[in-house]
Amino acid sequence: MPKIRSGSTIFKRYKMPTLKLTNEQVIELVKLLPTEQQVEVFRFLLLQQWGQWEALPLL
């Protein structure tokens with residue numbers, strides 16, 4: 001079986017389908033995840049915003 005790399009023509013031929021979801025739908029899907037996966041998603045979101053929070057002035 002050939003290896004599939006991101007730059008290969010095999011990978012480019014098969015596009016992954018995409019879904020358009022509302023924020024509410026995404027939240028409901030996350031709620032369906034097991035607790036460990038919910039924590040992982042939450043951690044990802046926190047780390048993604050951390051730089052912006054650090055830049056906020058202290059009151």
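The values are calculated or read from the model by the stated rules, or taken from the named source; none is laboratory data. The model shown is predicted, which means the values in this text are computed figures rather than measured ones. Here the Cβ is made from the backbone with ideal geometry for all residues, glycine too, and neighbour counts use every protein chain on show.
Consider only pairs whose beta carbons are under 7 Å apart and that are at least six residues apart or on different chains; among these, list those whose first residue lies in segment 36-59 and is surrounded by 10 or more Cβ atoms within 10 Å (Cβ to Cβ) and whose second residue is polar (S, T, N, Q).
none
Could you go through segment 9-22 and let me know if any residue there is modelled with pLDDT of 90 or more, out of contact with any Gly (no Cβ under 9 Å at 6 or more places or on another chain), aliphatic (A, V, I, L, M) and assigned to a helix (DSSP H, G or I).
Taking every residue of segment 9-22 in turn, none turns out to be modelled with pLDDT of 90 or more, out of contact with any Gly (no Cβ under 9 Å at 6 or more places or on another chain), aliphatic (A, V, I, L, M) and assigned to a helix (DSSP H, G or I).
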